[in-house]
1. List every residue pair whose Cβ atoms lie under 7 Å apart, where the two residues are 6 or more positions apart in sequence or sit on different chains, the first residue falls within the stretch B:134-154 and is closer than 22 Å to residue B:277 by Cα, and the second residue, located anywhere, is among the β-branched types (Val, Ile, Thr) and open to solvent by 10 Å² or more (accessible area, probe 1.4 Å).
2. Anything in the stretch B:202-213 that is open to solvent by 10 Å² or more (accessible area, probe 1.4 Å) and within 24 Å of the chain's Cα centre (by Cα)? List them, or say none.
3. Would you mention how many residues in the stretch B:127-165 are in a helix (DSSP H, G or I) and touching a Gly at 6+ places or on another chain (Cβ under 8 Å)?
4. Could you grab me the full set of residues in the stretch B:55-86 that are more than 14 Å from chain A (Cβ to nearest Cβ) and open to solvent by 30 Å² or more (accessible area, probe 1.4 Å)?
5. Exactly one of (1) free of Cβ contacts under 8 Å to residues at least 40 places away in the same chain; (2) more than 15 Å from the chain's Cα centre (by Cα) is unmet by residue A:224. Its number?
6. For the subset of the stretch B:95-122 comprising residues that are more than 14 Å from chain A (Cβ to nearest Cβ) and among the small types (Gly, Ala, Ser), which member is most open to solvent (accessible area, probe 1.4 Å)?
7. In the stretch A:26-47, which residues are of a type in the set (Val, Ile, Thr), touching a helix residue (DSSP H, G or I) at 6+ places or on another chain (Cβ under 7 Å) and farther than 14 Å from residue B:430 by Cα?
8. List the number of the failed condition for residue B:52; all other conditions in (1) more than 14 Å from every other protein chain (Cβ to nearest Cβ); (2) surrounded by fewer than 14 Cβ atoms within 10 Å (Cβ to Cβ) hold.
Amino acid sequence: MKPPRAVPWLFLSPFLVLFAAFYVAPVLYAGYLSLFIKKRAGFGPAKEVFGGLTNYVRAFQDSEFLTSLLNILKFAAVQIPLMIVLATALALALDASRGRLQGFFRTAFYLPYTIPSVIAGLLWGYLYSRNLSPFNQITGRSFDFLGSDVVLWSIANIVTWTWTGYNMITLYAALQNIPSDLYEAARIDGADGWNLTRFIKLPLLKPSLLLVLIFSIIGTMQIFSEPFVIRPLGYVPDNITPNTYLYLVATRDGNFSYAATLAILLAVFTLLLSAVFLRFTRRGGEV
Amino acid sequence: MNKVLMTALTALLAGSALAADPAFPKAPSGKVTLEVWSWVPGLDKTVQAFEKAYPNIDVKVTNLGGGPQTYTKLLTTLKAGTGAPDVAQIEYGFLPAFVDTGGLTDLSTLGANNYKKYFVPWTWGQVSPDGKAVFAIPQDTGPFAMVYNDAALKKYGVAVPRTWAEYEKAAATVYTKSGGQVKLGNFYATFAPWFMALAWADGAQFFKRDGDRWVQTLNNPTAKKVLNYWYGMIKKGHVGTLNAFTSDYWNAVGAGKVLSNMEAAWGPGGYAGSLKNKTAGQWRAANLPQWTAGSTVRSGNWGGSSNVVTAQSKNKEAAMLFSLWLNLSQSAITNNWVNGGLFPASDAGLDLAVLKDKTKNPSKFFGGQDISAVYARASRGVNVNFQWAPWFPFANDNFNKQMDLMLKGRLTPDQALDAWQRETLAEAKKQGYDVR
């Protein structure tokens with residue numbers, strides 16, 4: 001007997017309701033908000049009037065916003081490859097190891113991910129403070145990890161610390177799924193050690209690596225908590241990441257419409273970046 | 001019958017306890033619940049006394065931690081048109097930004113101007129910029145004075161500086177005698193209001209209303225004088241640039257590496273609380289150093305806050321009554337000082353006995369000195385006409401950017417202030433203000 005057509009929709013409905021309420025509706029509302037600008041006459045509260053694409057035009061001329069995008073691109077270009085290489089190396093090492101220690105290291109590497117990013121920011125904020133930092137005390141220097149020139153990379157360090165273990169678990173799981181007959185066949189062909197990694201493990205890891213990369217790109221574009229927690233400790237530029245900038249535009253300057261505009265542009269930018277990346281990597285062969 | 005008697009008795013008791021208080025407006029009848037957002041520690045205890053005096057009013061206090069967190073939440077609820085509290089605490093500098101949202105009640109419509117006479121004049125100027133509309137009731141203030149480690153100053157053979165020229169000399173002496181290890185003072189490079197208070201003390205104006213327009217002069221001559229003065233000492237290493245309220249700062253002060261600072265009246269409580277036993281009893285407060293030696297002390301103000309009644313409040317009369325009571329009744333002012341270190345904005349509050357209690361912090365931390373006398377003098381020396389602009393939150397953050405560039409040597413102090421003026425003016429114009 002064929003089930004009535006409504007059944008799949010019934011099962012889907014909880015998801016669809018939540019998706020509509022918490023994803024589609026806010027996005028539509030943000031889009032609507034972004035079309036308004038503030039108008040003032042003399043003193044008193046501003047009026048919100050329809051401004052068409054004024055906010056979008058402003059965003060493309062807003063050097064603070066463009067700098068924030070540039071910042072995050074720089075950040076991604078350095079931090080993501082570093083983190084993925086680290087995570088891959090750790091996953092391969094775990095995969096190659098045996099016994100009780102394996103479980104210990106798996107947990108140990110994963111542990112930073114279980115710490116909320118706000119707490120991680122506070123923790124590292126202390127480790128970075130100029131006079132109290134153990135790094136400075138051991139080396140006898142007075143390096144300012146929170147100086148505005150290096151703070152982006154100090155944040156990159158926090159992010160790497162947090163996410164390497166998480167990505168490692170994903171990659172490790174993929175390695176565990178490689179059928180053992182492939183290894184046997186390779187060994188019969190005389191492959192061992194590095195060759196096994198080079199010709200069996202890494203190629204089979206590629207889909208998972210791509211997944212991890214895409215998630216990292218999306219995650220990086222959204223970085224907010226770490227710089228935000230570190231802000232009170234020193235001077236962290238308003239526009240160190242696009243998210244901190246648009247947050248301040250909304251909550252400090254009270255310009256919710258312009259913040260909505262920036263949020264939409266950031267989403268489009270992230271989407272484009274992911275799409276370009278996928279396109280670029282797929283050209284090399286099948287995934 | 002019993003209940004009526006009890007109520008009458010409580011009212012009578014409360015009445016006698018508040019004998020010296022001004023006559024507050026009549027409480028509205030019927031059951032009222034007020035929601036209050038504040039960051040004052042121990043406010044819930046203060047509120048109990050209020051609920052006793054006004055049994056039909058329930059007060060729910062939410063402490064959001066103060067600063068940006070509170071403002072973000074308040075701004076969002078005002079924008080949303082729902083969810084705002086009846087009463088909220090806002091610092092003077094940020095008040096115009098909230099006035100601008102249209103989300104605050106003009107308390108003059110409820111008779112707030114009758115209470116103007118009870119407050120230190122400059123504080124009323126902060127909540128009633130045009131002398132008519134009243135957007136908040138002043139709560140606490142942050143007049144500026146100098147706190148210093150007396151024992152350490154004696155150790156370096158330095159007298160307490162009374163002028164900025166003396167301060168500069170003392171800073172050099174401390175630096176030399178300590179082999180560059182110890183600094184007399186510290187420049188808070190990420191707190192614009194700290195710097196502005198120093199310039200305020202010398203008569204600087206940063207924002208001014210001009211009819212229907214605004215005038216902004218962040219790079220005014222006084223500001224340039226003050227910044228150049230500090231930059232000179234920073235460059236020589238005679239004063240430090242640690243960030244305010246960080247563990248780094250408290251660590252350096254506790255270790256005797258920073259010997260003095262210009263602090264608002266709410267600051268000493270922070271020293272007592274953060275340093276605990278380290279250097280306790282060694283500290284003193286003195287007048288802010290002056291540009292010209294003389295008998296009148298001029299001072300500026302850093303921080304301090306007020307209580308607003310939101311437009312969303314359904315019980316505006318009760319909300320204003322609470323705000324007045326919280327800042328004018330002796331019992332509340334006493335509690336606010338003892339539990340929260342709030343230096344009163346009311347005239348009578350400045351003479352309150354508890355402010356002079358030498359056995360309790362912060363006076364205890366300050367070797368039993370009556371530091372409130374120093375701060376009361378400072379409060380009366382604050383320029384009345386100082387104004388803030390609605391776009392101050394932006395200026396506040398932009399200051400940090402310019403100071404960072406200055407400390408890196410990429411901008412001179414004059415250039416930094418010019419850039420601060422230029423970038424903030426551009427932003428204010430983008431926000432739609434008629435400003436020059």
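1. Close Cβ pairs satisfying both conditions: B:148/B:160; B:149/B:279; B:153/B:160.
2. B:202, B:203, B:205, B:208, B:209
3. Initially, the stretch B:127-165 is screened for residues in a helix (DSSP H, G or I), giving B:127, B:150-155, B:164-165.
Still in the list and also touching a Gly at 6+ places or on another chain (Cβ under 8 Å): B:150, B:152.
Number satisfying all stated conditions: 2.
4. B:55, B:56, B:58, B:60, B:61, B:62, B:63, B:82, B:83
5. That leaves (2) as the condition not met.
6. Residue satisfying both the conditions and the ranking: B:108.
7. none
8. Against the list (1) more than 14 Å from every other protein chain (Cβ to nearest Cβ); (2) surrounded by fewer than 14 Cβ atoms within 10 Å (Cβ to Cβ), residue B:52 comes up short only on (2).
The values are calculated or read from the model by the stated rules, or taken from the named source; none is laboratory data. Quick caveat, the model's predicted, so the values are computed rather than measured. Heads up, the Cβs are rebuilt from the backbone with ideal geometry, glycines too, and the neighbour counts pull from every protein chain shown. Heavy atoms of the whole protein, side chains included, go into the accessibility calculation; ligands, DNA and RNA do not. Shrake-Rupley method; radii C 1.70, N 1.55, O 1.52, S 1.80 Å.
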